[in-house]
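What follows is a set of notes on a single structure, which appears directly below.
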Amino acid sequence: RVHGGKVLCNVMVSEGLHKRHKEREEDVPTQSSGSIIETFKKLDVYPKTEEDFVEKTNVGATVSIITVLLMVALLVYEVGWFLSGEVVDKLSVDLSSHKQLTINLDISFHNLPCSEANIDVMDVMGDPMLRVQSHVYKTSLAQDGTELDVKFESISEKERERALLKSKDKKCGDCHVPDSDRCCNTCNDVIEAMKERGWENVEELAASSEQCVREGNLRERINNSANQGCRVHGYIEVNKVAGNFHFAPGKTFVDQHGHHIHEFRPEQAARFNVSHTINALWFGEIAVPGMESTLSETTRISAAGPAVFQYFIKVVPTTFQDRSGKEVHSYQYAVTEHKKLSGQQSFVMPGIFFMYDLSPIRVTVTLERMALLTFITRLCAVIGGIFTVSGFLDSLVYNATKRWGSAARTSLD
């Protein structure tokens with residue numbers, strides 16, 4: 001039995017050793033995978049703190065609320081900026097071949113009748129335009145600036161001749177001016193004929209003519225117009241070169257040397273009041289979108305007597321391009337103004353002069369939107385920056401409060 005017991009004991013020992021060796025072989029992959037996971041955890045740069053070791057304070061809650069509100073405000077601003085886009089200006093040489101420039105105007109004269117508010121145009125090419133009437137409209141104004149029902153209409157000389165040719169049997173009215181070869185069939189025709197001769201008080205002289213008597217009581221109209229203003233609005237087309245357009249008194253003509261001359265008497269100039277309001281003034285067929293006219297709603301008063309107002313305008317060709325690529329060609333301008341009063345020592349011709357010159361540089365205004373990746377980067381920078389700064393401030397206040405409390409308790413002990 002003893003011998004048999006030895007055999008049984010040896011068998012049990014060998015079986016136990018074999019079992020432990022097998023378990024050790026099974027534990028090798030488990031220990032290997034655990035070490036990999038532990039190594040991977042070491043890469044975590046955001047270690048977690050147990051909930052029992054976290055202390056929440058009133059200061060931290062205040063900083064957290066301010067941080068959230070500030071983040072929301074900046075996020076709304078960034079999103080709005082991303083959706084609206086950014087305006088980018090680019091400069092280039094103006095290569096456009098347009099030969100004409102459109103000038104749009106809307107000017108109200110406070111104390112100047114419509115019969116005296118006439119536009120003359122001059123340019124460096126020597127191509128004058130006297131008493132421009134095409135596409136220009138006039139409306140009489142009351143003293144308070146309200147528009148009257150009476151529209152001032154003027155007919156050009158060519159239109160008068162064309163109308164007379166269409167009606168050969170129409171009577172050619174007398175202009176009541178010696179040696180006049182014009183036909184005056186309306187009251188305004190008679191007044192214009194007398195003005196061309198440089199006569200004074202032409203309204204009074206024309207009041208007794210048959211044309212003015214037939215059209216109504218001219219004297220009453222004269223008395224009313226003496227206290228009226230005039231709104232001049234419309235557009236004029238000029239050569240695309242430097243020049244000027246102006247409102248000035250007297251008869252205008254061009255002499256044999258090409259000089260633009262205004263013929264008037266001093267008493268005429270004394271009555272020529274150029275107090276005005278520029279309601280709108282822009283160049284080109286349409287205004288640049290989103291850009292206001294420089295001279296819009298500009299009011300100038302000449303209360304001390306006759307004066308001349310000069311506006312020196314630098315016109316810059318401008319192309320506006322939206323996000324879809326659609327282009328709008330127009331003009332911007334910068335202006336410098338000057339005023340001079342007419343006195344006894346030095347006499348100046350009263351009026352309003354707009355001197356314009358064109359720039360050879362074109363400005364292209366493009367509305368661009370930032371790339372989506374750039375927008376996301378900016379958002380991350382805003383959030384991360386605010387979160388970091390707020391954490392630093394919270395830690396600073398917390399540590400300062402804690403040290404101050406410890407120092408206070410030590411002093412009491």
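The values are calculated or read from the model by the stated rules, or taken from the named source; none is laboratory data. Given the structure is predicted, the values throughout are model-derived calculations rather than measurements. We place every Cβ from the backbone using ideal geometry, glycine too, and count neighbours over all the protein chains shown. Heavy atoms of the whole protein, side chains included, go into the accessibility calculation; ligands, DNA and RNA do not. Shrake-Rupley method; radii C 1.70, N 1.55, O 1.52, S 1.80 Å.
The conditions are (1) under 30 Å from Gln143 (Cα atoms); (2) touching a residue at least 24 places away in the same chain (Cβ under 8 Å), and Ala242 fails exactly one of them. Which is it?
It is condition (1) that Ala242 fails.
Which residues, taken from the range 347-375, are farther than 19 Å from Phe312 by Cβ and open to solvent by 50 Å² or more (accessible area, probe 1.4 Å)?
The answer is Phe347, Glu368, Arg369, Ala371, Leu372, Leu373, Thr374.
Here's a check for you: in the range 243-265, which residue that is out of contact with any strand residue (DSSP E or B) (no Cβ under 9 Å at 6 or more places or on another chain) and more than 20 Å from Asn111 (Cα to Cα) is most open to solvent (accessible area, probe 1.4 Å)?
Looking at the filtered set, the residue picked out is Gln256.
May I ask you to list the residues in the range 177-207 that are part of a loop (DSSP other than H, G, I, E, B) and under 20 Å from Gln268 (Cβ atoms)?
Val177, Arg197, Gly198, Trp199, Glu200, Asn201, Ala207
Under the condition of being of a type in the set (Ser, Thr, Tyr), open to solvent by 50 Å² or more (accessible area, probe 1.4 Å) and under 22 Å from Ile65 (Cα atoms), which residue from the range 376-407 is farthest from the chain's Cα centre (by Cα)?
Checked the range 376-407; the qualifying residue farthest from the chain's Cα centre (by Cα) is Thr401.
Kindly evaluate Ile286 against the criterion of being out of contact with any His (no Cβ under 6 Å at 6 or more places or on another chain), among the aliphatic types (A, V, I, L, M) and within 21 Å of Cys230 (Cβ to Cβ).
So Ile286 fails the test.
Pull out all pairs, ordered by first then second residue, where Cβ-Cβ is under 7 Å, the residues are six or more apart or on different chains, the first lies in the range 292-312 and is without any contact (Cβ under 8 Å) to a residue 60 or more places away in the chain, and the second is among the acidic types (Asp, Glu).
If the second residue must be among the acidic types (Asp, Glu), the pairs left are Phe309/Glu337; Gln310/Glu337; Tyr311/Glu337.
Looking at (1) surrounded by 15 or more Cβ atoms within 10 Å (Cβ to Cβ); (2) within 20 Å of Phe253 (Cα to Cα); (3) touching a strand residue (DSSP E or B) at 6+ places or on another chain (Cβ under 6 Å), which one does Thr139 not meet, given that it meets all the others?
(2)
Identify the single condition in (1) modelled with pLDDT of 75 or more; (2) farther than 30 Å from Lys240 by Cβ that Asp89 does not satisfy, given that it satisfies every other one.
Of the numbered conditions (1) modelled with pLDDT of 75 or more; (2) farther than 30 Å from Lys240 by Cβ, the odd one out for Asp89 is (2).
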